[in-house]
Each structure stands twice: as structure tokens, then as C-alpha cells.
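Asker: Mind looking over this structure? Questions follow.
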Amino acid sequence: MTVPSRGEVKPGLAGRPGLRDLLTGLGQGAADDQPVITAGVAAAGLEAAVRQIAAHPGARLADVFVCAGSPQTNGGPVTLRLVWGLDADRTYLITESAVDGERYPSLSEIAPAAFAEECEIYEQFGIRPAGSRPLNRVALPPGAGPDWPRLGRAPAEPPRDVHAPHHVGGHAFEFPFGPVRQVAVESLYYGLVTSGEELVDLYLFTWHKHRGVEWRLRGATPREALFQVERTEGLGAVGNAWAFAGAVEAALGIEPPPRAMAMRAVALELERLYNHAAATAALCQSTGLMIGQAAAEIALELLLRVNAAAFGHRYLFGVVDIGGTRADLDAAALGSDLPAAYGELERAAAALLSTNSFLDRLEATGILTEEAARRLGLVGPVARATGLAIDARADHPVRPYGQSRPEVAVQDAGDVLARFRVMLAEAAESVRLIAEIGRTAAGPGLALPPGAGPGQLASSGLGWAESSRGESLAWVALDDSGRITRARLRPAAVRNWRGFDDACRSQNVFTDIPIIEASFWLTAAGTAR
Amino acid sequence: MTSQASTDQAVAERSEELRRTITRLFGRSLHIRTLDTGSCASCEQEIRLLAAPHYDLHRLGFFFTPAPRHADLLMVTGPMVRAFENAARKTYDAIPDPKVVVATGACALGGVYQPDPFTRGGVGDTLPVDAWIPGCPPSPLALLQGLLVAVGRLAGKVQDLDFALNGIPQ
Amino acid sequence: MPLWTLRGLRRGVVTTRYPARPDPSARLLPTPPAFRPDMLTPGLADRLVSVCPSRALARDGDMLVFDVGACTACGRCRAAAPQAAGASGEFELAATAREHLIKRIPLGGRPA
């Protein structure tokens, strides 16, 4: 089904013969201009297809997930979907393959980013990639037996209760840390491997916080689900809700009014702003610079008050709705309060960038290379700080970003300081975008009335948004009464926690871990959903 | 006096005695430990802001501590993910008596999540709760009020509110 | 460090005086609903119960039972029945007994 074109820049095949060739090679005909292309690929040909796509310039494996067959075919074939960001072509390519039996071609050898999803799929659906590489526990707690609620079948053998494989040489020892950690931070469970002070390895477990959101959303209406989606990762409520609403809207073939999309973008940029201020405060706290922390917290508090004045909620809950937005913007309040709030952040940042004792802690700490970012499929400021210039607002523009094009902030050192610089540049850009989008937001109607659209079809759709942490994706399948049969949520944290392990390893010491964690500014909630 | 009435009176007297004890013990300064049982992270962000310049809980004699041994009050967020219950009980047990448990935010109070295989849908079945702070998330002002009510330094308001309007709603 | 000290001194004190004095920023906060008993019919009450995503509303005969503790102040009930539900304006909701958060509002409305 055709998706209405989004924004002023047309995605898809126009002027992109490389993409047309790729699709032809996959056995697909040249499709019309679409931001999302779905291609069926037989399981037998999947490995070859993955190699082909991975070799395409600008291709990035954005997500991997499985949908169980219908209740009638319980135990029958499941559908494996790979979502590729073809960022240079402004297109998402979803390959769909029916997998019968217990195995599918190994993906993580060609696209290493797929490993954690392969583990997740094994726990939830009981199918595994070919080969004998052991799969790790991800979302389900130890002792979760065959009766534990899953999205599909239980695996024949339980996953390993250990972390990703690593080589511990010499005199290293390992110990678990958490999940109850410092005060006022989320529960998170690390395994640390150390030779004393130096970090040899670090791995994360998130099953202690896994809330089964995808399991719980089955059978819900999209509006009911949105309430839960917002509260999956509260610090990314707008980004994740936009991705989810976008997926539902794509499935239903509805396009929110331009003013609603402008309101969403203002909210998304406000969310980016306060998160970057909060990350700045966390960076100061982790380096012991209390005065800088206080300055950043003043900015953060003022920004949260701007959110409350502009949209009625400090964390922007209740802004995004299916078909548009639920809350209208108080533009006068935004205009009068935002400059002072951002000014606080700007001045704090300027002072921080002149404080050498602070910068010394950030430079060369927690280095990620561009190659690692690519290999692990990282997104957001974490990826951009390594030199990987991906940003869903620019690469897959949805109204109003097609017209109000953001400047993508990129650094190349890949260390904590580079991530900090990217966040500061993005904050400035967010303020500019809010002003521009606010000026051009026009038109009546905040949202479409419920039930609008060509009707409730049994259909599916992909949605996305560039949240403060990076690309947040969602995919939904609806039955013919419009209720959810499968909701796939992939906030940015799902991808980026993988980079955290890499960034912490070797050359770093224990006291660097909170600094690196602050520079990533992820949430446990965003991955343990 | 009937048996029920005398039981009620005994309970009321014991509650009042407890309240006086708490005020005497916690009326000055106390240390707070937090516990995330599966929150969305926004409650934690509001709690962090209690130490920020706009709110400064230190001026009221409250301090955060990571060490449960040092804590007097436990602020619990999240719907009590079942896989976390063991860690939650260990944290509670590690805090010496006397202690106050404050269920913080709608998830901990039984909203947002229903009991199901993944979560208990609230913290009340796992830990003995002394005070409840509604909100999603509760703002730092609501948290300050909640802490003061929990230690008996402020009288609660909500028991006297009926949430019924007489005129036209705004 | 002098850079920071001067900035801080110039900035001045931002700390709230709450609870000694009310804080003006509180007026920005979303608050749980308050209901008009004279506008609540059983049918409307049932609709509000079904619209609440957090199960904060229930009907018990001729009473609407409102659990303030489960309420997230999302505003869906107010949007569904603006004539019967408005903002309470209350954010100081802490309770020392769980029952203090359960409110019973009589259904006094006459069906049309």
C-alpha cells in the first residue's frame, strides 16, 4: 500500500539507480517513491540478500524482530523482519522472511549489530541463527521456564546465563555490580571484569527491569497502547510515542494535519533540549564538578518548566496522539520562557568548555571508533560523535523536518568530550528549529478524529523519530478491528547500550564508568521494555 | 464499648504513638535511599532534582545516601518487576530500623501497570509502605511535600480533599 | 574557579521557599481531576471508567470511586466529559494511609 509522501524531500528511487539495482537484485520491481519499502525474501536466500544489502552504500541494519504466526498456525512459520536504514537513499527497507523450523541464516556474522536481537528472538520465539555461537540471556530472568509469557514459542534449550563472550587473560577477575546502584539512578546490572583498576570488560544485564511491554500491547487499541508506550521510557516519551503513532498511521494510511506535525516537532526538540541539559548535569556530577552540576540543573529545571508551560507536562507526556497531537502549544509561554532557560544552558556550557580540570576528564575517555559505531549499529549523538553522520530527521525526514532541515552535528574523536560537543551543538540547533517550526506552523486541526482513515484494514506500518538518544523505531501490525497483533518498540537505547560495553573497555578505569555512562545518557527503561 | 470499637480505638492510639515516635526520630535530619523497581526513569529524574538548586532538599534536613545501612527512608519507584523482587527485599532488609518506606509515583501506587506475570503492579505487596506520593511523575514540589508528610513534619492534605467540584470545571 | 564563583553570585538564589511559602511554578503542574456530582450519570461514569488508562476510576453502585494514587493526571477523563470533570489544582497529594487516596463521588446527575 502506498504511504503518503512525507515532507518536501522525496525519498525512494528517484535518481537513485543504486537502490533500484539493489531491489531488482532482491527480486523486487521498481516501486514508486516511498519512504518505506517492504521486500519479501525467501529464508533460503536471506543470507545472500543480507550480504547484498549490507554492501549497499549507506546501509545500516536498524532492527531485527520476529512476528509469530497467527494463532491458527501456532508452532508454524514465523516471520523474520529486518529493518534496514538506507540512509543515503532516504529509505527504510524491510525484508520479510518466513522461517519454518528452528533455524534461520546467521545474520550477526555479516551484520554484527544483529547479535543482541538474535538473542532476544531466541528467548521469545525459540528460533536461532545457524551456527553454534552461544546465545545470551537478554530480557527474561534466570529461571524463566517454558511457561513464562513470551511473544512466541519457548526455546528448546535455555540461553546462556552469561554475558557476551570475552577473553579474560592474566589476572583479571569479574564481579557483578547492581542492580541497586547509586541513589536516584535507575537499577542496572553490570558485570565488571577487571585486573584491579583497569576495566578489561563490562557487560550489562537488563532482565531485572524487563516489563514485557510488547507482550502487554497485544490486543490493545493504538490509543490505549500509546499511554503505555509513553511510559516505557519516560525521558523519551515524545520520540517513542511519535515512532509508535507513525507506525499506526502508516498502517492505517492516515496523515496528521501539518499543524499537528509541527507541534510534535516542537515537543521533540524540547525533549532533546532537556535531555542534553540533564546529560550535562550528569557529566558534571560524574567528574565531581558540583558547581557545574548546579548550573546545568538550573537550566534543566527551567527547561522542564518550559515544557509544562508549553504543553502541560514537564516530561511532555500526553502530547503525541494517534493522528496528531492531544495538547496544543502555548506559543506565548514558549516564546517568553525558552530563551532564558536555554541561556542558562549556554552559559553553563561555555563555562564548562573553559574549565580544564573538567575537560581533562572527558578527553580520550570512553573512546568509540566510527568502525565500532557502524558495526554495532549505533545511533544518535553517540554515533555522530564518532564521525558517523546519521540523523533520522535528515536521512528520513518526516514533516516538518523536510522543510525545516536540521544541521547534523558531527565530531570525530568518539570520546566523552566529542559526545558532549555534539549534544551542545544539537541543543543550539533545537532552539533554532523550535523558532523556525513555531513560525511556520499553521493550519487548523490538531488531530484527526478517531476512526479517520480508509478504514481499519489488517495492516502494518513502520514509524520512526530521532529522539534525543537517537533513532527510535516502531513497527505495528493491526488486525481488521484495528487492534494490535504485534507491536515492536525499538528505542535508541536498545542499540546504544551495546556501544557502552565497547566504550568502557580497556584504557579506562572504574571512575571513568559514570563519566562514560553520563555521556551516553541512555536509560535502562529504554532497553528493558 | 463493642469489641470492634475497642479494637478501632486501640489501633488509633497505636497509630498516634507511632506518629509521635516517627516525628521524634525523623523530625530533624534523615537520609534517603531510592529504589527503582522498574520505573520509566522520569520519577528518578524528578528525585534527582530534589538536590538541585531550585529545590535543595538539604535545607530541610534531608540527604541522599547510597548506603542502605546509613538510610532512614526508602523512596521506591516503579511497579515492582517480579524479577527484581529479590533485590528489592534485600535492599529493604539492609536498612536498619527504624525506617520509613515511601511509595513514589503512580506505578508504585498501583496505577499504569496491572499485576501480571512481569510486574506486581505496585510495591505494596512486596514492601510495607508508610507513605504514598501520587504523580506521573510526582514533581519535585510534590516529592518535598511527600517526604515532609512521611516523617510527620507536615500534615497531609489529601485526606480532607473530596475531588468534587461545585461549579463549572475550568 | 573564579569564573564559576562570579557567575554563581551574579545568578542569585533560585531556591524555592516551599513549604514556608507557596511556589508559583506549581500552577504549571498537571493535577488529578475533580468531578461534578450533579453532572455524573451512571452512563457517563461508566464511560469515564472505560476511558481511564490507569484504572483509577471504578463504579460502585451510585458512586464513582476515584483512586488518586493510580491517577497519572493524563486528562483523558476530562477530555471525554469536560462538563463533568475539571482540574482539581491539587498537587500536594501525599498520604500516610492508602485509603486517604480513595475518593467516592456520588452520581447525582439526571440522565437526559
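Asker: Among the residues of the range A:367-408, count how many are on the phi > 0 side of the Ramachandran plot and at pLDDT 95 or above.
Answerer: Count: 2.
Asker: Something else now. Residues to consider are A:Arg272, A:Arg314; find the one that is within 14 Å of chain B (Cβ to nearest Cβ) and either crowded, with 21+ Cβ neighbours inside 10 Å or touching a residue at least 12 places away in the same chain (Cβ under 8 Å) (or both).
Answerer: Within the list A:Arg272, A:Arg314, the selection yields A:Arg314.
Okay, residues lined up against (1) within 21 Å of the chain's Cα centre (by Cα); (2) of a type outside the set (Gly, Ala, Ser); (3) away from chain C (no Cβ under 14 Å):
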{"site": "A:Ala331", "(1), (2), (3)": "no, no, yes"}
{"site": "A:Ala341", "(1), (2), (3)": "no, no, no"}
{"site": "A:Ala348", "(1), (2), (3)": "no, no, no"}
{"site": "A:Asp360", "(1), (2), (3)": "no, yes, yes"}
{"site": "A:Ala373", "(1), (2), (3)": "yes, no, yes"}
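Asker: If C:Arg10 passes every condition in (1) charged (D, E, K, R); (2) assigned to a loop (DSSP other than H, G, I, E, B); (3) under 30 Å from A:Ala349 (Cβ atoms) but one, which one does it miss?
Answerer: (2)
Asker: Looking only at residues that are assigned to a strand (DSSP E or B) and farther than 19 Å from A:Leu378 by Cβ in the range A:48-71, which one is nearest to the chain's Cα centre (by Cα)?
Answerer: Top of the filtered list is A:Val66.
Asker: A further question on this structure: May I ask you to list the residues in the range A:374-390 that are surrounded by 24 or more Cβ atoms within 10 Å (Cβ to Cβ) and not in a loop (DSSP other than H, G, I, E, B)?
Answerer: Across the range A:374-390, the qualifying residues are A:Gly380, A:Pro381, A:Val382, A:Ala383, A:Arg384.
Asker: Given the criterion more than 7 Å from chain C (Cβ to nearest Cβ), closer than 25 Å to B:Leu60 by Cα and basic (Lys, Arg), identify the matching residue among B:Lys99, B:Lys157.
Answerer: Exactly one of B:Lys99, B:Lys157 is more than 7 Å from chain C (Cβ to nearest Cβ), closer than 25 Å to B:Leu60 by Cα and basic (Lys, Arg), namely B:Lys99.
Asker: Identify the residue in the range B:104-115 that is more than 8 Å from every other protein chain (Cβ to nearest Cβ) and not in a helix (DSSP H, G or I) and, among all such residues, is surrounded by the fewest Cβ atoms within 10 Å (Cβ to Cβ).
Answerer: Step by step, filter the range B:104-115, then rank; the result is B:Pro115.
Let's see how each residue does on (1) loosely packed, with under 13 Cβ neighbours inside 10 Å; (2) among the basic types (Lys, Arg); (3) within 14 Å of chain B (Cβ to nearest Cβ):
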residue: A:Ile127; (1), (2), (3): no, no, no
residue: A:Ser132; (1), (2), (3): yes, no, no
residue: A:Phe177; (1), (2), (3): no, no, yes
residue: A:Leu199; (1), (2), (3): no, no, no
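Asker: Could you please give the count of residues in the range A:94-106 that are touching a residue at least 60 places away in the same chain (Cβ under 8 Å) and of a type outside the set (Ser, Thr, Tyr)?
Answerer: 2
Asker: Filter the range A:482-512 down to the residues that are in contact with a helix residue (DSSP H, G or I) (Cβ under 6 Å, 6 or more places away or on another chain) and either over 26 Å from A:Leu80 (Cα atoms) or of a type in the set (S, T, N, Q) (or both) and list them by number.
Answerer: A:Asn496, A:Phe500, A:Asp502, A:Ala503, A:Cys504
Asker: What is the residue count in the range A:107-135 for residues that are within 23 Å of the chain's Cα centre (by Cα) and in a loop (DSSP other than H, G, I, E, B)?
Answerer: Looking only at that region, the number is 6.
Asker: Continuing with the same structure: What number of residues within the range A:323-341 are among the hydroxyl-bearing types (Ser, Thr, Tyr) and without any contact (Cβ under 8 Å) to a residue 60 or more places away in the chain?
Answerer: Result for the range A:323-341: 1.
Asker: Further, regarding this structure: Hey, B:Gly122 hits all of (1) surrounded by 23 or more Cβ atoms within 10 Å (Cβ to Cβ); (2) small (Gly, Ala, Ser); (3) at the interface with another protein chain (Cβ under 7 Å from one of its Cβ atoms) but one; which does it fall short on?
Answerer: If we test B:Gly122 against (1) surrounded by 23 or more Cβ atoms within 10 Å (Cβ to Cβ); (2) small (Gly, Ala, Ser); (3) at the interface with another protein chain (Cβ under 7 Å from one of its Cβ atoms), just (3) comes out false.
Asker: Checking the structure you have, find out if any residue of the range A:215-224 is touching a residue at least 12 places away in the same chain (Cβ under 8 Å), within 11 Å of another protein chain (Cβ to nearest Cβ) and touching a His at 6+ places or on another chain (Cβ under 9 Å).
Answerer: no
Listed here are the residues, each with its yes/no results for (1) in a loop (DSSP other than H, G, I, E, B); (2) in contact with a helix residue (DSSP H, G or I) (Cβ under 7 Å, 6 or more places away or on another chain); (3) exposed (fewer than 15 other Cβ atoms within 10 Å of the Cβ); (4) more than 7 Å from chain B (Cβ to nearest Cβ).
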residue	(1), (2), (3), (4)
C:Arg27	no, no, yes, yes
C:Gly43	no, no, yes, yes
C:Ser50	no, no, yes, yes
C:Pro53	yes, yes, no, yes
C:Leu64	no, yes, no, yes
C:Thr72	yes, yes, no, no
C:Cys77	no, yes, no, yes
C:Gly86	no, yes, no, no
C:Phe91	yes, yes, no, no
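Asker: List the pairs whose first member sits in the range B:4-30 and is modelled with pLDDT of 80 or more, whose second member is small (Gly, Ala, Ser), and whose Cβ atoms are under 6 Å apart, counting only residues at least 6 apart or on separate chains?
Answerer: Correct list of pairs: B:Ser29/B:Gly61.
Asker: Turning to a different aspect of this structure: If I go through the range C:4-25 residue by residue, how many of them are more than 8 Å from every other protein chain (Cβ to nearest Cβ) and surrounded by 18 or more Cβ atoms within 10 Å (Cβ to Cβ)?
Answerer: Matching residues across the range C:4-25 total 0.
Asker: Within the range B:24-57, how many residues are of a type outside the set (S, T, N, Q) and part of a loop (DSSP other than H, G, I, E, B)?
Answerer: 10
Asker: Assuming A:Leu329 fulfils every condition listed in (1) surrounded by fewer than 21 Cβ atoms within 10 Å (Cβ to Cβ); (2) out of contact with any Ser or Thr (no Cβ under 7 Å at 6 or more places or on another chain) apart from one, which condition is it?
Answerer: (1)
Asker: Kindly establish whether A:Glu269 is in the same structural domain as A:Ala309 (by TED's automatic domain parsing), in a helix (DSSP H, G or I) and closer than 30 Å to A:Ile515 by Cα.
Answerer: Here the answer is yes, as A:Glu269 does meet what is asked.
Asker: In the range B:20-73, which residue that is closer than 27 Å to A:Ile291 by Cα, surrounded by fewer than 22 Cβ atoms within 10 Å (Cβ to Cβ) and of a type in the set (Ser, Thr, Tyr) is farthest from the other protein chains (Cβ to nearest Cβ)?
Answerer: Filtering the range B:20-73 for residues that are closer than 27 Å to A:Ile291 by Cα, surrounded by fewer than 22 Cβ atoms within 10 Å (Cβ to Cβ) and of a type in the set (Ser, Thr, Tyr), the one farthest from the other protein chains (Cβ to nearest Cβ) comes out as B:Ser29.
Asker: With respect to the numbered conditions (1) among the acidic types (Asp, Glu); (2) out of contact with any Leu (no Cβ under 6 Å at 6 or more places or on another chain); (3) free of Cβ contacts under 8 Å to residues at least 60 places away in the same chain, which one is the sole condition not fulfilled by C:Asp62?
Answerer: With (1) among the acidic types (Asp, Glu); (2) out of contact with any Leu (no Cβ under 6 Å at 6 or more places or on another chain); (3) free of Cβ contacts under 8 Å to residues at least 60 places away in the same chain applied to C:Asp62, the lone miss is (2).
Asker: Still on this structure: For the range B:74-98, how many residues meet the condition of being touching a strand residue (DSSP E or B) at 6+ places or on another chain (Cβ under 8 Å), in a loop (DSSP other than H, G, I, E, B) and surrounded by fewer than 21 Cβ atoms within 10 Å (Cβ to Cβ)?
Answerer: Number satisfying all stated conditions: 0.
Asker: Another one. Hey, does the range B:74-81 have a residue that's over 27 Å from C:Asp23 (Cα atoms), over 16 Å from the mean Cα position of the chain (by Cα) and more than 10 Å from every other protein chain (Cβ to nearest Cβ)?
Answerer: Checking the range B:74-81: not a single residue is over 27 Å from C:Asp23 (Cα atoms), over 16 Å from the mean Cα position of the chain (by Cα) and more than 10 Å from every other protein chain (Cβ to nearest Cβ).
Asker: Can you find a residue that is within 20 Å of B:Tyr55 (Cα to Cα), within 14 Å of chain B (Cβ to nearest Cβ) and modelled with pLDDT of 95 or more anywhere in the range A:317-325?
Answerer: no
The values are calculated or read from the model by the stated rules, or taken from the named source; none is laboratory data. Bear in mind that the values here come from a model prediction, so they are computed numbers and not experimental data. Reconstructed Cβ throughout: ideal geometry from the backbone, glycine too, with neighbour counts over all protein chains shown.
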